[in-house]
1. Every residue in region 132-169 that is modelled with pLDDT under 95, among the β-branched types (Val, Ile, Thr) and more than 24 Å from Gly82 (Cα to Cα), please.
2. Working only within region 18-34, note down all residues that are open to solvent by 50 Å² or more (accessible area, probe 1.4 Å), more than 23 Å from Asn97 (Cβ to Cβ) and touching a helix residue (DSSP H, G or I) at 6+ places or on another chain (Cβ under 8 Å).
3. Which condition number does Glu30 fail, the rest of (1) part of a loop (DSSP other than H, G, I, E, B); (2) of a type in the set (Asp, Glu); (3) touching a Leu at 6+ places or on another chain (Cβ under 9 Å) being met?
4. Taking the options Asp6, Asp95, name whichever one is farther than 27 Å from Lys115 by Cβ, open to solvent by 30 Å² or more (accessible area, probe 1.4 Å) and in a loop (DSSP other than H, G, I, E, B).
5. I'm told Gly187 meets every condition in (1) of a type in the set (Gly, Ala, Ser); (2) open to solvent by less than 60 Å² (accessible area, probe 1.4 Å); (3) closer than 30 Å to Ser67 by Cβ; (4) modelled with pLDDT under 95 except one. Can you identify the failing condition by its number?
6. Would you please name the residue that is least open to solvent (accessible area, probe 1.4 Å), looking only at residues in region 35-58 that are closer than 24 Å to Lys116 by Cα and not in a strand (DSSP E or B)?
7. I'd like to check which helices (runs of 4 or more DSSP H) are fully inside region 98-194 and have at least 1 residues that are under 30 Å from Val75 (Cα atoms) and of a type in the set (A, V, I, L, M, F, W, C).
8. Can you pull out the residues in region 128-173 that are touching a Pro at 6+ places or on another chain (Cβ under 8 Å), over 12 Å from Leu188 (Cβ atoms) and crowded, with 17+ Cβ neighbours inside 10 Å?
Amino acid sequence: MDHKVDEFIARNKNFSKMLTTIRNVILSTELVETIKWGMPTYTINQKNVLGIGAFKSHYGIWFFQGSSLKDPNKVLQNAQVGKTKAMRQLRFTEDSNIDIELLKSYVLEAIDNEKKGVKLSPAKKPLIIPIELQKVFSENELLFKSFNALTLTKRREFSDYISEVKKDQTKVKRIEKIIPMILHSKGLHESYKN
């Protein structure tokens, strides 16, 4: 048991009894308790499986790969519709009753899925090179070859950096800025890394 989790539960007085109940269910399994992002997080083989949290009007348990859970009772909710793909939450309010057996079945399934490597792989978005950048590449073969030698992540960062602005003038300035980076095989954000 992590003493920081004790502190987290103590800070959330409205839900401390229910959070303790959830914690006890989780600790009855093989999950390892830790704190990540200021929240109690439970792992297996150093992989995040689930976490518990408390907010002003609710508390709950978050399953990192919750979209992979069967959810026959339809109690899981998307953590942030439109943003999260895999994460699901089981949310409670102050007057909610916790079905311990149901909760434990979800926790055990999440553990089993993690052991089996069941995961939702994020869809890879295609690399779309903006027209303005394509034009510069057509005029500078070395720049084009240098760009293609970069990792897909770096190429995507540069392409997004140009396409995210609307004004042509800003696009021109950004292209001028990234040309030396591309030629020196540097990523867009590498100057900030040490």
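1. Thr151, the sole residue that qualifies.
2. Glu30, the sole residue that qualifies.
3. Only one criterion in (1) part of a loop (DSSP other than H, G, I, E, B); (2) of a type in the set (Asp, Glu); (3) touching a Leu at 6+ places or on another chain (Cβ under 9 Å) is unmet by Glu30, namely (3).
4. Working: Asp6 fails: in a loop (DSSP other than H, G, I, E, B).
Every option except Asp95 fails the conditions.
5. Of everything listed in (1) of a type in the set (Gly, Ala, Ser); (2) open to solvent by less than 60 Å² (accessible area, probe 1.4 Å); (3) closer than 30 Å to Ser67 by Cβ; (4) modelled with pLDDT under 95, Gly187 misses just condition (3).
6. Within region 35-58, the match that is least open to solvent (accessible area, probe 1.4 Å) is Asn45.
7. Helices (runs of 4 or more DSSP H) meeting the threshold: 100-116.
8. Residues of region 128-173 that are touching a Pro at 6+ places or on another chain (Cβ under 8 Å), as a first pass: 159, 162-163, 171.
Okay, now just the ones that are also over 12 Å from Leu188 (Cβ atoms), so 163, 171.
Within region 128-173, Lys171 is the sole residue that qualifies.
The values are calculated or read from the model by the stated rules, or taken from the named source; none is laboratory data. Here the structure is a predicted model, which is why all the values come from computation and not from measurement. Here the Cβ is made from the backbone with ideal geometry for all residues, glycine too, and neighbour counts use every protein chain on show. We work out accessible area using only protein heavy atoms, side chains counted, and drop any ligands, DNA or RNA first. Shrake-Rupley method; radii C 1.70, N 1.55, O 1.52, S 1.80 Å.
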